[in-house]
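Chemist: The structure's right below; bear with me while I get my questions together.
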Amino acid sequence: MVKNFSIAIDGPSASGKSTVAKLIAKKLNFTYIDTGAMYRAFTLGVIEAGLDPKSEEESNSLIGKISISFDEENHITLNGKDVSQRVRENDVANNVSYIASYKGIRLHLVDLQRKIAKNKSVVMDGRDIGTYVLEDADLKIYQVATAEERAKRRYKENLEKGIETSFEACLDNINKRDYIDSHRSFCPLHPANDSVEINTTDMTIEEVVDAIIEIAKQRGLTNGK
Ligand code: DC
């Protein structure tokens, strides 16, 4: 009988979660779900509507009025439009932590995340996947790296994507998001008790992927659908 498995990958901003999660999903033939992209898309919706992301009331007013989903290529869409590149830009990155701190928006997006993950084997990455969204995940990874290393990676990634930034701006954004993400009252960023911590500061992506696949194998998670 084919069983559904779930792997949760949490950790601070730019710790390499999405790159690793995507590769693991590919290797195991699971569906990858990027929950950060959903918070980013909501943030873009708020910006495009001319509302203030720092206002919880204004931001909450869009719940149920904008639609966020993934298309067949697994690209994030806002009201049916592919916004996967747009949500990486600075205006979204600088405001997303406010949006992610609003309980109403979190509950709405968590509901969506659980629906997307239903009846499939998934690798889901975010901040609260192992602690809240998929509390019963078969494997929980908590991926960390120093702020400097994460800023270096984000800076390089932005350059490759043609997004204008400086290393200092990346580091500043990461420090700010770390603080807001781990100090919010509802579902703050913290490792689940039963998570496996991986410090990726001095590891290559391949090494991280291999380490996680090894644990997945040990737990018998490699033949899901
Ligand atoms: O992983 P990312 O950088 O794309 O995430 C964007 C923001 O969304 C980040 O500041 C934290 C927030 N987030 C969250 O609070 N919970 C999640 N499950 C995923 C992301």
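Chemist: For segment 92-118, what are the residues that are away from the ligand (no atom under 13 Å from the Cβ) and closer than 27 Å to Ile163 by Cβ?
Modeler: None - no residue of segment 92-118 is away from the ligand (no atom under 13 Å from the Cβ) and closer than 27 Å to Ile163 by Cβ, so the list stays empty.
Chemist: Being open to solvent by 70 Å² or more (accessible area, probe 1.4 Å) and of a type in the set (Phe, Trp, Tyr) is true for just one of Tyr179, Tyr142, Tyr132. Which residue is that?
Modeler: Residue meeting the stated conditions: Tyr179.
Chemist: Output the residue which, of all residues in segment 72-105 that are at positive phi and among the polar types (S, T, N, Q), is least open to solvent (accessible area, probe 1.4 Å).
Modeler: Asn74
Chemist: Which of the residues that make up segment 85-135 are among the β-branched types (Val, Ile, Thr) and over 11 Å from Arg40 (Cβ atoms)?
Modeler: Result: Ile105, Val110, Ile116, Val122, Val123, Ile129, Thr131, Val133.
Chemist: I'd like the full set of residues that are charged (D, E, K, R), closer than 16 Å to Ile205 by Cα and over 12 Å from the mean Cα position of the chain (by Cα), limited to segment 117-151.
Modeler: Glu149, Arg150
Chemist: Still on this structure, I have one more. Between a residue in segment 198-218 that is part of a helix (DSSP H, G or I) and modelled with pLDDT of 95 or more and any residue that is of a type in the set (Lys, Arg) and open to solvent by 90 Å² or more (accessible area, probe 1.4 Å), which pairs come within a Cβ distance under 7 Å, given they are 6 or more apart or on different chains?
Modeler: Note: pairs meeting the criteria are Ile213/Lys27.
Chemist: Filter segment 146-165 for residues that are closer than 12 Å to Ser15 by Cα and more than 13 Å from the ligand (Cβ to nearest atom) and give the result.
Modeler: The answer is Thr146, Ala147, Glu148, Glu149, Lys152.
Chemist: Taking the residues in segment 1-46 that are open to solvent by less than 50 Å² (accessible area, probe 1.4 Å) and more than 20 Å from Ile116 (Cβ to Cβ) as candidates, determine which candidate is nearest to the ligand (Cβ to nearest atom).
Modeler: Ser13
Chemist: Can I ask one more? Looking at Ser121, Ser69, can you tell me which residue is open to solvent by less than 20 Å² (accessible area, probe 1.4 Å), closer than 20 Å to Ala25 by Cβ and away from the ligand (no atom under 14 Å from the Cβ)?
Modeler: Ser121
Chemist: Keeping to segment 179-197, report how many residues are in contact with a Lys or Arg (Cβ under 7 Å, 6 or more places away or on another chain) and in a helix (DSSP H, G or I).
Modeler: Final tally of qualifying residues: 1.
The values are calculated or read from the model by the stated rules, or taken from the named source; none is laboratory data. Every value quoted in this text rests on a predicted model; they were computed, and no experiment measured them. Note that we place each Cβ from the backbone using ideal geometry, even for glycine, and neighbour counts take in every protein chain shown. Remember, those area values only see protein heavy atoms, side chains included, never the ligands or the DNA or RNA. Shrake-Rupley method; radii C 1.70, N 1.55, O 1.52, S 1.80 Å.
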